[in-house]
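Shown next, in structure tokens, is the structure this report addresses.
What follows is calculated from the coordinates using simple rules that are stated; it is not laboratory data. Keep in mind that what you see is a predicted model, and the values were worked out from it rather than measured. FYI the Cβ positions are ideal-geometry reconstructions off the backbone, even for glycines, and counts take in every protein chain you see.
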Amino acid sequence: MSDIMTAALEGAGSEELAAMAMPESYRAAFVRREDIGMFEGLETEEKDPRKSLKIGEVALPELAPDEAYVMIMASSINFNTVWTSIFEPLPTFGFLDRLGKESAWGARHALDYHVVGSDGAGIVLKTGSAVRSWKAGDKVTLHCNYVDDQDPSAHDDSMQAANQRIWGFESNFGGLAEIAVVKANQLMPKPTHLSWEEAAINALCNSTSYRMLVSPNGADMTQGDNVLVWGASGGLGAYAVQYVMNGGGTPVGVVSSASKVALLNELGVDAVIDRKAAGYKFWIDEHTQDESEWRRLGKDIRGLVGEDVDIVFEHPGRQTMGASVFVAKRGGLIMTCAATSGYMIEYDNRHLWMKLKSIKGSHFANYREAWEANQLICDGKILPPLSAVYPLEEVGDAAYQVHKNLHEGKIGVLCAAKEEGLGIDNRELREEIGEDRLTIFRRHD
Ligand code: NAP
């Protein structure tokens, strides 16, 4: 570890860190441009992140005036790292090349390797000359909304900005590394009661779920709303069910095993459907859906909560969208942010227009939304769904778990932190929330 990283770990102040040199290279997880074709001819399921994700030293890029170097203590696996590592639906090098053409600073990103990762918690090592609100030594978490603040279209809701990007997916120098380069407006305070790995897993999925359900830019959920949450113990779903409960609504969680049902019950979600045990077959074949199976799901939901759902929290996509549109109540809302099982969607439009339902798209979160979602983690009102922790060297195995849907909640990855459980500063708050509640996902993994 370089001197500046050791000093930051030992609690050096901003002046001391400012006087120290950054290393010329750092350890990172990346995919290579030369490997783009490595999975040609294979089905999505057969493409293996363990083969494409590499670990090694990469050159540290120069720091732009509005950026910070952050020593990443821990990061997490998001589905976008799975997409990058299997080169689907597109190789992410196209994103880097486009960013490379935008400006001199952008040109740093267009490389033959892509350092991946869109989450991170760590310590600021240095700040660029234009950074005002943060200093070296600050303990932070990072959100992934990468916005050009000189673009006028970014100044209402920055997620509407013409050149909005996701850091570590559509830009380089991401969080699955010992150092990351981020814009200062990606920085947020680290929750003091959490370890590095507990703090690192939240920003991407927590902020996305917050915008989808709580924000006026999303469903603007109200008390008493019933919300169907697909993948309710997965990355997004684990936060979504907590937002519904905190907001006075009733989540109806859908999962695929009895152990996931038990996990959600412990979290406080009483209405849970095991889709595997129920054996829904929404698709008869590749081209035909079965409305009677949508009806069966609707009946099961009414059996649990007595009525149809106000909101559907959608992300599986092709496999479930027909059912999602069907089971939403008259005037209900289907909030969608993804399409894991396929993005060419089919649903029966008659159920949408005759029952005055809406479908609304959502994508990550603006800085304000990410900040508010982070504050709820800092206050202990949203629990981190950490289920497993891998060292950076095993990032391929960690991504494989997510690709194959073998995990629950979120998987943490230790980067500069070499052991688990470090970084907890506020033990009092931790005790108040309860170790048992903070480790629900860990205990059920
Ligand atoms: P995740 O941790 O893998 O969780 C997804 C859950 O969905 C799984 O646990 C699984 O739960 C369920 N699922 C998967 N395939 C399904 C299917 N065919 N039918 C029904 N349920 C299915 O992933 P995540 O982090 O929640 O992300 C989910 C998707 O959202 C990914 O495609 C990701 O890229 C996307 N995403 C988008 C944004 C954005 O800003 N637009 C942000 C975050 C994530 P069970 O097997 O237990 O049912």
Next item on the list: For region 103-120, just list the computed ³J(HN,Hα) in residue order, Karplus coefficients 6.51, -1.76 and 1.60, θ = phi - 60°, integers in Hz, with x standing in for Gly and Pro.
Entry: 6, 5, 5, x, 4, 4, 7, 7, 10, 8, 10, 10, 6, 9, x, 10, 9, x
Item checked: Size of charge dipole - region 219-361 - debye, nearest 20, with Cβ of Lys, Arg +1 and Asp, Glu -1, no other charges -> 140
Notebook entry, point to check: What is the spread of the Cα atoms of region 219-361 along each of their three principal axes, largest first, in whole Å?
Noted result: 38, 30, 27
Next item on the list: Place a label point 7 angstrom from the Cα of ASN405 along the Cα-to-Cβ direction, then list the residues of region 294-333 whose backbone nitrogen is under 13 Å away.
Entry: 315-321
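Full extension from TRP353 to LYS51: what is 0.36 nm times the residue separation minus their Cα-Cα distance, to one decimal in nm?
Numbers: separation 302, 0.36 × 302 = 108.72 nm, distance 4.60 nm.
Result: 104.1 nm gained on full extension.
Let me know the charge dipole size of region 353-429 about its Cα centre in debye, to the nearest 20, where only the beta-carbon of Lys, Arg (+1) and Asp, Glu (-1) is charged. Working shown, then result.
Values: 9 positive and 11 negative charges, 142 e Å.
Dipole magnitude for region 353-429 comes out near 680 debye.
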Item checked: the chain, relative contact order [Cα under 8 Å, separation at least 6], % -> 18
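Quick one: which of 63-71, 114-122, 414-422, 126-134 comes out on top by average Cβ neighbours within 10 Å, and what's the full order, highest first?
Descending packing order for the listed peptides: 114-122, 63-71, 414-422, 126-134.
Assuming a viscosity of 0.692 mPa s and a temperature of 37 °C, what translational diffusion coefficient in µm² per second does Stokes-Einstein assign to region 383-434, Rh being the Kirkwood radius over Cα pairs?
Working: Rh = 12.5 Å.
The calculation lands on 262 µm²/s.
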Check: Just from its helices, what would the mean residue ellipticity at 222 nm be for the chain, if runs of 4 or more DSSP H residues each count -39500 (n - 2.57) and the sum is divided by every residue, rounded to the nearest 500 deg cm²/dmol?
Finding: -8000 deg cm²/dmol
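Which pairs, out of LYS47/LYS410; LYS54/LYS276; LYS183/LYS360; LYS183/LYS260; LYS54/LYS360; LYS276/LYS410, put more than 27 Å between their alpha-carbon atoms?
On the way: LYS47/LYS410 21 Å; LYS54/LYS276 35 Å; LYS183/LYS360 29 Å; LYS183/LYS260 37 Å; LYS54/LYS360 37 Å; LYS276/LYS410 21 Å.
Distance filter (> 27 Å) returns LYS54/LYS276; LYS183/LYS360; LYS183/LYS260; LYS54/LYS360.
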Note to self: Give me the net charge for the shell around PRO251: Cβ to Cβ below 13 angstrom, other residues only, Lys and Arg +1, Asp and Glu -1.
What the structure shows: -3
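Would you mind putting 9-19, 296-306, 194-204 in packing order, based on average other-beta-carbon counts within 10 Å, highest first? Can you show the working numbers first?
Values: 9-19: 13.9, 296-306: 15.7, 194-204: 29.9.
The densest-packed peptide leads the list: 194-204, 296-306, 9-19.
Round to the nearest 0.05 the FRET efficiency obtained for ALA104 and MET1 when R0 = 25 Å and r is the Cβ-Cβ distance.
Working: r = 31 Å, r/R0 = 1.23.
That gives a FRET efficiency of 0.20.
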Checklist line | Stokes-Einstein translational diffusion, the chain - Kirkwood Rh over all Cα pairs, 1.306 mPa s, 10 °C, in µm²/s | finding: 72
Check: So how far apart, in nm, are the two label points at ASP270 and HIS155 if each is 7 Å from Cα heading toward Cβ?
Finding: 5.0
Checklist line | Spherically averaged projected area of region 1-103 from its Cα convex hull (nm²) | finding: 8.4
Next item on the list: Towards the positive end of the charge dipole of the chain, with charges on Cβ (+1 Lys, Arg; -1 Asp, Glu), say which of CYS144, ILE201, THR250 has the farthest Cα.
Entry: THR250
Check: Roughly what would the spin-label model give for LYS418 and GLU15, points 7 Å off Cα along C-beta, in nm?
Finding: 3.1
Margin query: If I model a spin label as a point 7 Å beyond the Cα along the Cα-Cβ vector, how far apart are those points for ILE36 and GLU346 in nm?
Written below: 3.2
Notebook entry, point to check: Gain in length, ARG330 to THR288, computed as 0.36 nm per residue apart minus the alpha-carbon separation, to one decimal in nm?
Noted result: 12.7 nm
Next item on the list: Return the aspartates and glutamates within reach of LYS357: Cα separation strictly under 18 angstrom, same-chain partners fewer than 8 residues apart disregarded; answer none if there are no such residues.
Entry: ASP220, ASP225, GLU291, GLU307, ASP308, ASP310, GLU314, GLU346, ASP348
Checklist line | Model label zone, ILE433; criterion: amide N under 20 Å from point 7 Å along Cα-to-beta-carbon; scope region 44-86 | finding: 73-78
